[in-house]
Amino acid sequence: MAYVSTYLKKEVAISSIVTIHYFEYPCDFVFHGESHDFWEFLYVDRGGICVQAGGETHTLGPGEVIFHEPCEFHAFRATGERPPNLVVMSFFSDSSFMDYFRGGVFRLTPNERTIISRIIAAAKDCFSTPLNVPSIEKVELRDGQLAGYPQLISLYLEQFLLTIYHTRNRMQASAKHLHLSENEEQLSGEKILDQIVKYMEDHLTEKLTVPDLCTLFSLSRATLEGLFHKEKEMGAIAYFNMLKIDKAKELLRGEAMNITELSYYLSFSSLQYFSRQFKLATGMSPREYLCSVKGIAQSLKNSVPHYYAPPR
């Protein structure tokens, strides 16, 4: 039997990067606007902004991104008391796939935010141009860089675009199946809750918020919290933290990590917050729990019945 290759169609291709930067803008910053012949996205990492684009006004908060198509006039200003941290990236692509992003505003999932972080990290190694100077209009490649960094940035960007597209389309398809008859609504709720819990179990090492879950599963905040309070008698994030604490107890018993490493591994915001959540769930601090586990293990070891003792 002869081997036959399978052609892999490339839906989206990034031909070149124009600019990329990550910058903290002042609280009163105002950008009066521009238009250009390439694509651009603006991601809010912290703070908030008000964007005018395509004749519409959008208010964006942390974790949200907006896309500007070629020749679209766009402007923005900072909102609130907290300085906004923004990622701005512009690029050329003539793929028809990009039509999906015209006028697009999305709340990113944890996975999508991770890809943004990878783009920024690779850009720091790839370009000699500083990323924190928004006025720069051309990025320069770094001399002596490791091979493949420019390609890595384009791959991450293509992955970012494809992930946004596929995640939203999967969730839309799932949402269609939730429009069931009244007799099936209860089953529907249980099914979607099982899916959310499974997602939580598979992502214990990540940070998840209620808006993240609402985006992923196409649910309103009220519906999501209603499901958890009805079936689990607690909120969604409280349940997620409970799963994390159960995992922490398992890892502590196995002595796989120390307490600081464990807090970082499970993406708690701080060691203090981890310890507080652990004590709320177990009635003792992680260190007290670890000592009690070791104490029980030593007690069991010392109380082995005589018939298990090795022969003399």
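Contact list please: Cβ distance under 7 Å, first residue in the stretch 247-273 and more than 20 Å from Leu208 (Cβ to Cβ), second residue among the β-branched types (Val, Ile, Thr) and in a helix (DSSP H, G or I), pairs at least six apart or on different chains.
Leu252/Val293; Arg253/Val293
Given the conditions (1) within 15 Å of Tyr22 (Cα to Cα); (2) part of a strand (DSSP E or B); (3) more than 18 Å from the chain's Cα centre (by Cα), and given that Ala75 satisfies all but one, which numbered condition is not satisfied?
Failed condition: (1).
In the stretch 47-100, what residues are farther than 26 Å from Leu155 by Cβ, surrounded by fewer than 15 Cβ atoms within 10 Å (Cβ to Cβ) and charged (D, E, K, R)?
Glu56, Glu81, Arg82
Please go through the stretch 96-148 and pick out each residue that is part of a helix (DSSP H, G or I) and among the hydroxyl-bearing types (Ser, Thr, Tyr).
If the condition is that a residue be part of a helix (DSSP H, G or I) and among the hydroxyl-bearing types (Ser, Thr, Tyr), then Ser96, Tyr100, Thr114, Ser117 are the ones that fit.
Can you name the helices (runs of 4 or more DSSP H) wholly within the stretch 212-312 that have at least 1 residues being acidic (Asp, Glu) and at pLDDT below 90?
Passing ranges, in order: 221-231, 236-253, 259-265, 286-302.
Go through the stretch 1-25 and count every residue that is farther than 23 Å from Met98 by Cβ, part of a loop (DSSP other than H, G, I, E, B) and either in contact (Cβ under 8 Å) with a residue 60 or more places away in the chain or not hydrophobic (A, V, I, L, M, F, W, C) (or both).
Looking only at that region, the number is 4.
Give all pairs with beta carbons closer than 9 Å in which a residue from the stretch 26-44 that is assigned to a strand (DSSP E or B) meets a residue that is among the acidic types (Asp, Glu); count only pairs at least 6 apart in sequence or on separate chains.
As it stands, the answer is Trp39/Glu69; Glu40/Glu69; Glu40/Glu72; Tyr43/Glu64; Val44/Glu64, since those pairs meet every condition given.
The values are calculated or read from the model by the stated rules, or taken from the named source; none is laboratory data. Predicted model, so just to flag it, every value in this text is computed and none were measured. Neighbour counts run over all protein chains shown; Cβ positions are idealised from the backbone, glycine included.
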